[in-house]
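Novice: This is the structure, below, for whatever I ask next.
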Amino acid sequence: MQSTQSNTYDIDGFYADLVRHGLIIPTGIQGGYGRSQVFEDILRRFNDLVTRVAEPDGAEEMMFPPILPRKLIETVGYMDNFPQLAGSVHSFYGNDAKARELSARIHAGERWEDLLDITEVMLTPAACYPVYPTFSGLLPNGGRLVTVLNWVYRHEPSDEPTRLQAFRMREFIRVGKPDEVVAWRDAWLQRGLTLLKGLGLPVQSDVASDPFFGRAGKMMAANQVDQRLKFEILVPVISAEKPTAICSFNWHQDHFSAKFGFRNADDSVAHTACLGFGLERVTLALIKAHGFDPKTWPQEVRAQLWP
Ligand code: AMP
Ligand code: ZN
């Protein structure tokens, strides 16, 4: 498939070109730009294609708001592993006098955040998290398959157009017997590669690890690689040497089933796995591969996204 784009990679240049072509809208927030209608159209069309490809599996769709109970963040161990990425929601609980002080401090250009207190919610860092607590007790025979799409938040401000603080993940979550879950993950890895290659993206897959915090985190990451618990599908977007992960596959083993107490129909230990397409990253990878105007993209790509 012929590519209309050059094979040069330049983070600032790519960002500037995306703005110049009206695809993204700067907001002054690093990793928090707006998306134009054309950008959104590509993103939604890709998501629709995923829905069509996955249709025979009959996944159950769920939709959650982009906030989670603080308690759930604690239960899944997010603050033990990724405190640097967390986003916490605070609000004002004070009286009239405190409200006047808040307002006066802001207008005087002083700091005011210490007048806020924590709420019961945090921002969702992975679209699949709200799904696990919905499983309880014994699962049906054959387990369950769920799909979600959500905005997620990660505190990793950056000028790279592919590294956002808020972005969307389309996820599938499989729960069942260990061999069922692994077979599902392996099949989707091939399916994902075929789907993305079919869209003219020069993808490859590799074992991967999560950005666990600190020195202890290095061991967790090494262990994750040793056990081949995480795979990614990568494609060059802003660098040839360091391709960007556009889809991730995670096998959590019994991490979530142990925490939320669900088991297989025969009372054996349930495993979970999820896969997530980073929808903004897929959109940017398509733009990088085929050009800033989707009307000029190769016909075989357009036919799949705009059927
Ligand atoms: P993860 O849960 O970290 O494996 O992320 C799932 C998918 O979300 C990745 O494969 C990426 O496509 C996407 N993703 C992760 N972090 C970011 C980010 N900071 N900005 C945009 N997309 C991201
Ligand atoms: Zn997930």
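Novice: Among the residues of the range 232-276, which ones are touching a helix residue (DSSP H, G or I) at 6+ places or on another chain (Cβ under 6 Å) and either of a type in the set (Phe, Trp, Tyr) or part of a helix (DSSP H, G or I) (or both)?
Specialist: Phe249, Trp251, Phe256, Lys259, Phe260
Novice: Within 20 Å of the chain's Cα centre (by Cα) and without any contact (Cβ under 8 Å) to a residue 40 or more places away in the chain: which single residue out of Asp179, Asp96, Asp114, Asp186 fits that description?
Specialist: Exactly one residue qualifies, and that residue is Asp186.
Novice: Condition first: among the β-branched types (Val, Ile, Thr), within 28 Å of Thr134 (Cβ to Cβ), touching a residue at least 40 places away in the same chain (Cβ under 8 Å) and outside any strand (DSSP E or B). Can you find one or more residues in the range 197-207 that meet it?
Specialist: No: zero hits.
Novice: May I ask you to list the residues in the range 5-44 that are under 17 Å from the mean Cα position of the chain (by Cα), buried (at least 16 other Cβ atoms within 10 Å of the Cβ) and of a type outside the set (A, V, I, L, M, F, W, C)?
Specialist: Passing the criteria: Gly31, Tyr33, Arg35.
Novice: Residues Leu189, Leu196: which one is within 14 Å of ligand 1 (Cβ to nearest atom), surrounded by fewer than 20 Cβ atoms within 10 Å (Cβ to Cβ) and closer than 18 Å to Glu55 by Cα?
Specialist: Being within 14 Å of ligand 1 (Cβ to nearest atom), surrounded by fewer than 20 Cβ atoms within 10 Å (Cβ to Cβ) and closer than 18 Å to Glu55 by Cα holds for just one of Leu189, Leu196, which is Leu189.
Novice: Do any strands (runs of 3 or more DSSP E) lying entirely in the range 59-147 carry at least 2 residues that are away from ligand 1 (no atom under 16 Å from the Cβ) and more than 30 Å from Val175 (Cα to Cα), and which ones are they?
Specialist: Filter on the range 59-147 gives 88-91, 117-123.
A short reminder: the numbers here are calculations on the coordinates, not readings from a lab. Here the structure is a predicted model, which is why all the values come from computation and not from measurement. Please note: Cβ atoms are built from the backbone with ideal geometry, for glycine as well, and neighbour counts cover all protein chains shown.
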